[in-house]
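Novice: Before we start, here is the structure in question, set down as structure tokens.
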Amino acid sequence: MRAQVNRNSRRLLRYGVFAAAVLWAAPATGTPPVRADAVVEFLDGDERVLARLIVETARKPEEHARGLMGRLLSDHLYGMLFLFDRARPLAFWMRDTPTPLDIFFVDEEKRILNIAAHTVPFSERLYPSAGPARYVVEARAGFAERYGIRPGHRIRWSRAR
């Protein structure tokens with residue numbers, strides 16, 4: 001009987017530690033990891049919506065530099081949209097970014113040029129655009145694969161309601 005109690009106690013302790021770790025990692029306020037400024041839609045060649053992403057927009061250089069640093073994306077619902085004043089070759093890195101990302105480089109016509117998939121958290125490796133990009137979308141790693149998004153597909157966005 002005592003062995004059974006100890007085994008059950010250890011099991012409960014193990015689950016309790018796991019539950020505490022999950023709760024500790026979750027935002028205390030229950031708020032999303034990004035400000036819901038807009039919704040980005042990813043479109044296939046027939047203009048069908050493949051996926052939607054709630055995004056925070058980064059328009060200013062200081063917002064571009066900060067990006068998703070220090071923030072966790074726990075699912076494929078949230079991301080970031082970077083808006084630049086003109087198309088040019090761009091490169092992003094993952095310094096101080098704890099979540100692996102898929103980075104979508106998008107041209108002036110809102111067509112995806114290339115995708116840096118499954119980037120390495122906290123890395124200073126540069127992930128470059130495959131040509132002049134005017135927009136960049138960041139989503140949790142695996143987003144492109146999950147929704148079948150690839151270069152040549154397009155994006156569009158609208159303000160969040």
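The values are calculated or read from the model by the stated rules, or taken from the named source; none is laboratory data. Computed from a predicted structure; not experimentally measured. When we count neighbours, we look across all protein chains shown, and the Cβ atoms used for this are built from the backbone with ideal geometry, even at glycine.
Novice: Identify, by number, the condition in (1) touching a strand residue (DSSP E or B) at 6+ places or on another chain (Cβ under 7 Å); (2) among the charged types (D, E, K, R); (3) more than 20 Å from PRO132 (Cα to Cα); (4) modelled with pLDDT of 95 or more that ARG86 doesn't meet.
Specialist: With (1) touching a strand residue (DSSP E or B) at 6+ places or on another chain (Cβ under 7 Å); (2) among the charged types (D, E, K, R); (3) more than 20 Å from PRO132 (Cα to Cα); (4) modelled with pLDDT of 95 or more applied to ARG86, the lone miss is (3).
Novice: I would also like to ask the following. What number goes with the only condition from (1) part of a helix (DSSP H, G or I); (2) small (Gly, Ala, Ser); (3) modelled with pLDDT of 95 or more that ALA3 does not pass?
Specialist: ALA3 satisfies every listed condition except (3).
Novice: Also, quick follow-up: Does ALA144 count as in a strand (DSSP E or B) and either crowded, with 22+ Cβ neighbours inside 10 Å or at pLDDT below 95 (or both)?
Specialist: So ALA144 does not fit the description; no.
Novice: Can you tell me which residues in the stretch 118-132 are surrounded by 20 or more Cβ atoms within 10 Å (Cβ to Cβ) and farther than 24 Å from ARG71 by Cα?
Specialist: none
Novice: If you go through the stretch 95-117 one residue at a time, how many are surrounded by 14 or more Cβ atoms within 10 Å (Cβ to Cβ), out of contact with any strand residue (DSSP E or B) (no Cβ under 7 Å at 6 or more places or on another chain) and over 22 Å from ASP37 (Cβ atoms)?
Specialist: 1
Novice: While we're here: In the stretch 56-75, how many residues are assigned to a loop (DSSP other than H, G, I, E, B), crowded, with 17+ Cβ neighbours inside 10 Å and either touching a residue at least 40 places away in the same chain (Cβ under 8 Å) or of a type in the set (A, V, I, L, M) (or both)?
Specialist: 3
Novice: Now for a different question. Might you let me know whether the stretch 101-108 holds any residue that is over 14 Å from the mean Cα position of the chain (by Cα), at pLDDT 95 or above and not hydrophobic (A, V, I, L, M, F, W, C)?
Specialist: Scanning the stretch 101-108, I find at least one residue that is over 14 Å from the mean Cα position of the chain (by Cα), at pLDDT 95 or above and not hydrophobic (A, V, I, L, M, F, W, C), so the answer is yes.
Quick grid of which residues meet (1) within 13 Å of the chain's Cα centre (by Cα); (2) farther than 20 Å from ARG150 by Cβ; (3) of a type in the set (Val, Ile, Thr):
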{"position": "PHE42", "(1), (2), (3)": "no, no, no"}
{"position": "VAL49", "(1), (2), (3)": "no, no, yes"}
{"position": "ILE54", "(1), (2), (3)": "yes, yes, yes"}
{"position": "LYS60", "(1), (2), (3)": "no, yes, no"}
{"position": "GLU63", "(1), (2), (3)": "no, yes, no"}
{"position": "ASP75", "(1), (2), (3)": "yes, yes, no"}
{"position": "LEU81", "(1), (2), (3)": "yes, no, no"}
{"position": "ASP85", "(1), (2), (3)": "no, yes, no"}
{"position": "ALA91", "(1), (2), (3)": "no, yes, no"}
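Novice: Only one of these is free of Cβ contacts under 8 Å to residues at least 24 places away in the same chain and either among the basic types (Lys, Arg) or on the phi > 0 side of the Ramachandran plot (or both): ARG111, ARG48. Name it.
Specialist: ARG48
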